[in-house]
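Here, each number is a calculation from the coordinates, and none is a lab measurement. Please read all numbers here as calculations on a predicted model, not as lab measurements. Methodologically, a virtual Cβ is constructed for each residue, glycine included, from the backbone with ideal geometry; neighbour enumeration extends over all protein chains shown.
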Amino acid sequence: AKEAGRNNYQFFVPEMNARALERLMLENALRRAIEGGELKLHFQPQLNAQDGALTGCEALLRWNHPEIGAIGPAQFIPVAEESGLIVPLGEWVLHGACRQQVAWARAGHRELMVAINISALQFRREDFADVVTRILAETGADPACIELEITETALMQPSEALYERLVALGRLGLTLALDDFGTGYSSLSYLKRLPISRLKLDYSFVRDLPGDQEDAAVASATLSLARDLGLEVVAEGVEVIEQFAWLKARGCSKMQGYLFGRPMPPEEFERWMAAHDPA
Ligand code: C2E
Ligand code: CA
Ligand code: CA
Ligand code: CA
């Protein structure tokens, strides 16, 4: 068995090296990208589902590599997490999104919420609440306009310390949202205890609405659970009017998706706002 194991090992070595090398190259490139200005935040509008008003936006990270071109966050966030780069990267995102909130408030958009994705690894660090406190102070961002999106899986095994961290963040005046809701099988009793105010219904449940019966069941259950617990639901990935109508009829609070607007660089987002809500 030992012999066979060794053979297997040797068999897989070249491929493992190639993948490790690829990852290492990506990691080094990402390290340079953070310092070299290759990263940008784009912003995707979030609308009140009932009256269509713009309420906020989600900051989404974009990497434009000088040779390779655009690399999506789904590709590089996992690398950033494995290498620990997610910590400086996450701080860079927090800084940038908070600065953007201040700029937009100065331009008159005082109520515009800016939602920021927080990696599980970032959230699980002991100093996370201190980092957020410092960045709020450094940028002068209004905590009432900042929302943190924490994935459902990051809160799967909630220790007392993680719970206290959420409470501390809530005390700063921030809004807390549970991201990718529905993908992590959270226990419902736990949900009730958490100091969060929003659920983000994952795109995978929105994509095949209203035709797919299972997805319709999950979406309906999420909306009625949220109503009973006094939580708002933000549906992500709304692409067609039928999805919008279905979700709106079931009391969904907010929506986000290509139907309303793609993630956009700040200047384009400003033009989008001007066209959407003419002053
Ligand atoms: P997410 O948080 O679930 O973000 C929603 C994703 O859906 C985004 O993909 C967005 O561009 C995309 N999307 C929005 N509307 C539609 C639609 O109508 N149809 C479809 N098909 N897709 C839509 P994106 O920007 O590629 O980001 C992927 C994931 O990467 C995010 O998923 C999030 O988990 C992660 N991510 C992005 N930016 C950051 C960041 O700054 N920090 C961290 N930790 N993660 C990030
Ligand atoms: Ca998100
Ligand atoms: Ca999602
Ligand atoms: Ca399905």
- Can you work out which of the residues in the stretch 149-190 that are touching a residue at least 40 places away in the same chain (Cβ under 8 Å) and over 12 Å from F123 (Cβ atoms) is farthest from the chain's Cα centre (by Cα)? L172
- Among residues of the stretch 185-224, those that are of a type outside the set (S, T, Y) and in contact with a strand residue (DSSP E or B) (Cβ under 7 Å, 6 or more places away or on another chain), counted: 10
- Query: In this structure, is A144 without any contact (Cβ under 8 Å) to a residue 60 or more places away in the chain, hydrophobic (A, V, I, L, M, F, W, C), more than 25 Å from L47 (Cα to Cα) and touching a Ser or Thr at 6+ places or on another chain (Cβ under 9 Å)?
  - Reply: no
- Looking only at the stretch 162-169, decide whether some residue is within 16 Å of ligand 2 (Cβ to nearest atom) and within 23 Å of P78 (Cβ to Cβ). no
- Among the numbered conditions (1) assigned to a loop (DSSP other than H, G, I, E, B); (2) without any contact (Cβ under 8 Å) to a residue 60 or more places away in the chain, tell me where C252 comes up short. (2)
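Take the residues of the stretch 146-203 that are polar (S, T, N, Q) and surrounded by fewer than 18 Cβ atoms within 10 Å (Cβ to Cβ): which is farthest from ligand 4 (Cβ to nearest atom)?
The first filter runs over the stretch 146-203 and keeps only residues polar (S, T, N, Q), leaving 151, 153, 157, 159, 175, 183, 186-187, 189, 197.
Now restrict to residues that are surrounded by fewer than 18 Cβ atoms within 10 Å (Cβ to Cβ): 153, 157, 159, 183, 187, 189, 197.
Numbers: T153: 19, Q157: 27, S159: 33, T183: 12, S187: 23, S189: 26, S197: 28 Å.
This residue is S159.
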